[in-house]
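This report concerns only the one structure given below.
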Amino acid sequence: MVSAMITGSIHHKNFRPLILSRMIYLIIGLCLLVGGGRSAALGQASQKETAKAQSSMDRGLQSFQRGHMDQALADWKEATEFFAKGGNTKGQIEALTRLALAQQNLGRYTQALQSLELALALAQQTGNSTSLASLYGSLGSTYLAAGNKDGAAEYLALALKLAREQGPPSLVAAILNDQGILLASQGSFPNALKAYQESAILAKEAGDRVLAGKAMINSARAAMRSGRPTDAKEWLNLAVDPVRALEPSRDQAYALINIGLAYRDLRVDLAASQDQLTLQAFTLLKEATAVAERLGDTRAASYAWGYLGNLYEHDRRFEEALTLTRRAMAAAQNANAPEALYQWQWQLGRILTVLGQLDDAIAAYRTAVFTSQSIRHEAALSSEDPHALFRDTRHPLYFGLADLLLQRAALTESPKEVEPYLLEAREAIELLKAAELRDYFRDECVDTLKSRIKKLDVISPQAAVVYPIIFQDRTEILVSLPQGIQRFAVPIPADRLIQEIRILRRFLEKRTTLEYLPHAQQVYDWLIRPWEPALASQSIDTLVFVPDGALRTIPMAALHDGKLFLIQKYAVATTPGLDLTDPRPADRRNIKILASGITESVQGFPSLPYVSNELNAIRKFYGGEVMLNQDFLLPSLEKELKEKAFTMVHIASHGKFDEDVNQTFILTFDGKLTMGKLDRFIGLFRFREDPLELLTLSACETAAGDDRAALGLAGVAVKAGAKSAVATLWFINDQASSVLVSEFYRQLHDHPTNSKAVALQRAQVAMLEDPIYDHPAYWSPFLLLNNWL
């Protein structure tokens with residue numbers, strides 16, 4: 001029975017509180033490290049530096065407890081410097097660990113990890129196993145918060161092993177709590193529940209009521225995710241009294257908020273108890289506001305007021321919701337907490353939308369988007385799935401603004417007044433697309449091109465930029481033509497469109513049937529036919545698609561109008577975003593190419609015997625350097641790319657794009673070229689005056705239906721700092737690949753004034769006209785990404 005067990009902590013998907021385990025690690029590890037007293041930690045420092053350092057440490061703690069993270073960070077950074085100047089290693093470790101705590105709360109994970117790594121290097125000199133276990137636990141929880149599950153698993157395993165051998169029960173409990181979060185993020189909810197339960201038992205035995213309460217709430221979360229809402233309710237009921245019995249503190253305020261949110265969310269699965277759960281949620285959130293206000297913690301107060309407003313919003317009590325939301329906004333502004341502020345600005349926009357105040361709602365959404373742009377990595381601390389969190393927060397915010405702007409455009413009669421709304425709607429989705437790529441690649445620099453380019457849709461009168469936006473109730477298509485941008489609304493709901501896209505992708509890969517054809521025609525009728533007449537009076541030869549979501553998983557070239565494939569009428573290119581593409585025309589003088597690949601079977605992957613034909617064709621047209629099989633090694637590739645200014649790089653090898661960037665790679669003879677290595681080897685080109693013109697990956701694959709993996713493929717040129725890339729959505733016969741790629745390079749060589757998009761179009765049409773390769777499974781997966789010129 002649940003009531004016979006002690007369990008552990010929940011963090012609502014829209015809530016970003018502190019990982020409690022980090023403070024536990026700090027307290028336990030540092031008390032043992034410094035011998036249990038302040039004087040031991042400060043003994044080596046001069047009196048002057050000691051006084052300065054301790055003053056900064058105390059001020060930082062006070063700021064932290066009030067939720068003033070920026071000030072806490074500044075104070076603890078100052079303390080770190082004073083301790084280092086005074087030669088006090090133990091004090092420096094303490095200050096670094098607290099500094100990392102503040103950095104993590106602000107979502108600055110890279111900085112937090114750097115602080116902890118430095119603290120770990122210093123602590124290793126002491127040889128104290130318990131303090132090392134504490135720092136390993138801190139590193140694990142920080143990697144977990146940042147979404148790096150592999151790093152989290154490695155450090156948490158190390159921490160747990162050391163802690164079980166020599167650490168106190170409270171340290172073991174803290175590590176188990178984070179292990180439970182990691183297991184839950186991997187979908188292993190029963191094992192997560194076991195970890196939370198053991199954490200709660202050990203925490204209770206150690207007298208740590210804060211950690212025990214958190215572990216109980218996390219147990220409720222695991223039960224909810226396992227489809228056991230009744231058990232989840234029991235876990236929450238068990239947690240309420242211990243949390244209420246805590247001394248007023250930051251931890252108590254956040255625990256009350258989390259329990260209140262959990263009761264609120266249980267209403268979906270326990271409809272019969274809805275009124276009771278609503279009352280419990282309301283009561284606990286009110287208690288949280290009282291605790292936060294008593295402490296003067298404006299950040300915690302902001303969350304408490306904001307979620308109270310959200311509760312009223314859910315219950316359609318909009319006037320009360322408005323009052324509470326505005327109060328939460330004021331508190332967030334006072335606390336300098338943009339990670340909270342943007343949520344309440346967005347909440348205000350939603351409420352105003354329901355109340356019919358469209359222009360005020362748009363203004364609120366605009367400020368929410370603007371605020372969210374200041375948060376590169378949300379402080380999604382203790383989230384079980386950071387990527388799901390991203391989809392649950394940023395995605396609906398940006399789409400919500402675009403939706404309102406398009407609604408406003410539909411109500412506006414003057415074409416001159418309509419266009420600014422259309423452009424702003426598109427820009428909102430552009431901001432999201434850049435954020436999605438940063439989230440996928442976990443790289444703040446993937447959109448560095450934005451600062452030095454002009455809009456992609458204004459540089460070529462022969463190209464039309466097609467920008468589909470998939471809303472739940474409809475699909476909007478914004479088409480940029482030489483005379484301006486036009487809007488076309490298609491009344492096809494998202495679930496119907498996505499279902500058709502999934503079916504089309506599956507049948508496109510089946511080379512032995514024509515089952516794809518009716519689906520290729522249906523998607524054409526929805527996404528192309530409504531605006532195709534607008535091209536009749538234009539000299540358009542190229543369509544540049546900026547696909548969203550599921551649309552990234554299919555080749556637009558394979559859409560069919562009943563007589564012809566789209567590629568037979570237009571050259572087709574794809575870009576992950578207008579702001580992410582360098583639009584400068586290609587300079588094909590003095591081409592210097594590096595062609596590399598594998599023909600042999602290595603690392604369990606099948607051989608690609610026709611790769612040699614592919615590389616020979618490239619060498620015939622452009623000369624250049626070739627790295628094949630044993631010559632295609634990671635160190636050799638790195639050396640070539642760093643030392644020589646290539647204009648094109650061709651890699652003919654297996655490539656896998658996965659929803660997890662850590663599992664995405666291109667095969668080399670001796671290893672795997674991960675996205676991190678790609679950035680290190682090729683990404684430097686983005687900072688050169690003459691960037692890489694073309695990166696070709698001729699044997700890639702993404703799983704059908706994996707939108708996130710397709711996002712990684714679409715963004716590979718941006719990641720590599722290349723103006724253009726050619727890559728495949730799915731793996732095809734390497735003989736067919738060799739034929740198409742060879743023809744593509746021949747077209748580039750023989751017709752240098754044609755665009756890369758036209759070169760690929762002619763290569764694809766040539767295959768289409770060959771009875772051996774006329775099925776789109778052979779020619780359509782090749783995508784031209786980013787710059788098409």
Do any trypsin sites (Lys or Arg not before Pro) in the range 214-318 lie in a DSSP loop with no more than 10 other beta carbon atoms within 10 Å, and if so, which?
ARG316
Please name whichever of TRP531, ALA84, SER188 sits farthest to the positive end of the charge dipole of the chain, dipole taken about the Cα centre and charges placed at Cβ: Lys and Arg +1, Asp and Glu -1.
ALA84
For the chain, with only Lys/Arg (+1) and Asp/Glu (-1) charged at the beta-carbon, what is the dipole magnitude about the Cα centre, in debye rounded to 20?
1100 debye
Computed over the chain: longest principal axis from alpha-carbon atoms vs helix 189-205 long axis, angle to nearest 10 degrees, is 20 degrees
So how do 764-776, 431-443 stack up, highest first, on mean other-Cβ count within 10 Å?
431-443, 764-776
So what's the back-of-envelope 222 nm ellipticity for the chain, counting only DSSP H runs of four-plus at -39500 (n - 2.57) apiece and dividing by all residues, rounded to 500?
-18500 deg cm²/dmol
Sulfur and carbon atoms: percent of accessible area, the chain [1.4 Å]:
51 percent
Mind listing the phi-derived Karplus ³J(HN,Hα) values for the range 282-292, rounded to whole Hz, using 6.51, -1.76 and 1.60 with θ = phi - 60°, and x for any glycine or proline?
4, 4, 5, 5, 5, 4, 5, 5, 5, 5, 4
Could you tally the net charge around ALA489, taking each other residue with its Cβ under 12 Å from the Cβ of ALA489, Lys/Arg +1 and Asp/Glu -1?
-1
Sort 617-623, 716-722, 507-513 by the packing proxy (mean of other Cβ within 10 Å over each peptide's residues), most packed first.
716-722, 617-623, 507-513
Tell me the label-point distance for the pair ALA51, ASN733, using the 7 Å Cα-to-Cβ offset, in nm and rounded to one decimal.
8.4 nm
In the range 639-685, the trypsin sites (Lys or Arg not before Pro) that sit in a DSSP loop and have at most 13 other Cβ atoms within 10 Å of their own Cβ are LYS644
Give me the percent of DSSP beta bridges within the chain that run antiparallel, rounded to the nearest 5.
45 percent
Segment ARG474-ALA121, extension gain: residue separation times 0.36 nm, minus the distance between their alpha carbons:
121.6 nm
How high is the relative contact order of the range 735-781, given as a whole-number percent (alpha carbon pairs under 8 Å, six or more residues apart)?
37 percent
Determine the sum of side-chain charges near GLY207: Lys and Arg each +1, Asp and Glu each -1, restricted to other residues whose C-beta is under 15 angstrom from that of GLY207.
-1
Please work out the FRET efficiency for the pair THR513 and LYS416, using the Cβ-Cβ distance as r and a Förster radius of 41 Å; give the result to the nearest 0.05.
0.25
Taking the chain and dividing mean pair separation by its residue count, relative contact order in percent (alpha carbons under 8 Å, at least six apart):
9 percent
Might you tell me the accessible area per residue for the chain, computed with a 1.4 Å probe and given in Å²?
37 Å²
Between the helical axis of 415-441 and the dominant principal axis of the chain, each derived from Cα atoms, what acute angle in degrees is found, rounded to the nearest 10?
70 degrees
Positive-end residue, the chain charge dipole about Cα centroid, Cβ charges, pick of LEU641, VAL726, TYR778
LEU641
Counting Lys +1, Arg +1, Asp -1, Glu -1, what net charge surrounds GLU417 among other residues with beta carbon under 14 Å of its beta carbon?
-1
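The values are calculated or read from the model by the stated rules, or taken from the named source; none is laboratory data. Keep in mind that what you see is a predicted model, and the values were worked out from it rather than measured. Note that each Cβ is placed from the backbone with ideal geometry, even for glycine, and that neighbours are counted across all protein chains shown. Just the protein is used for accessible areas: all its heavy atoms, side chains included, with ligands, DNA and RNA removed. Shrake-Rupley method; radii C 1.70, N 1.55, O 1.52, S 1.80 Å.
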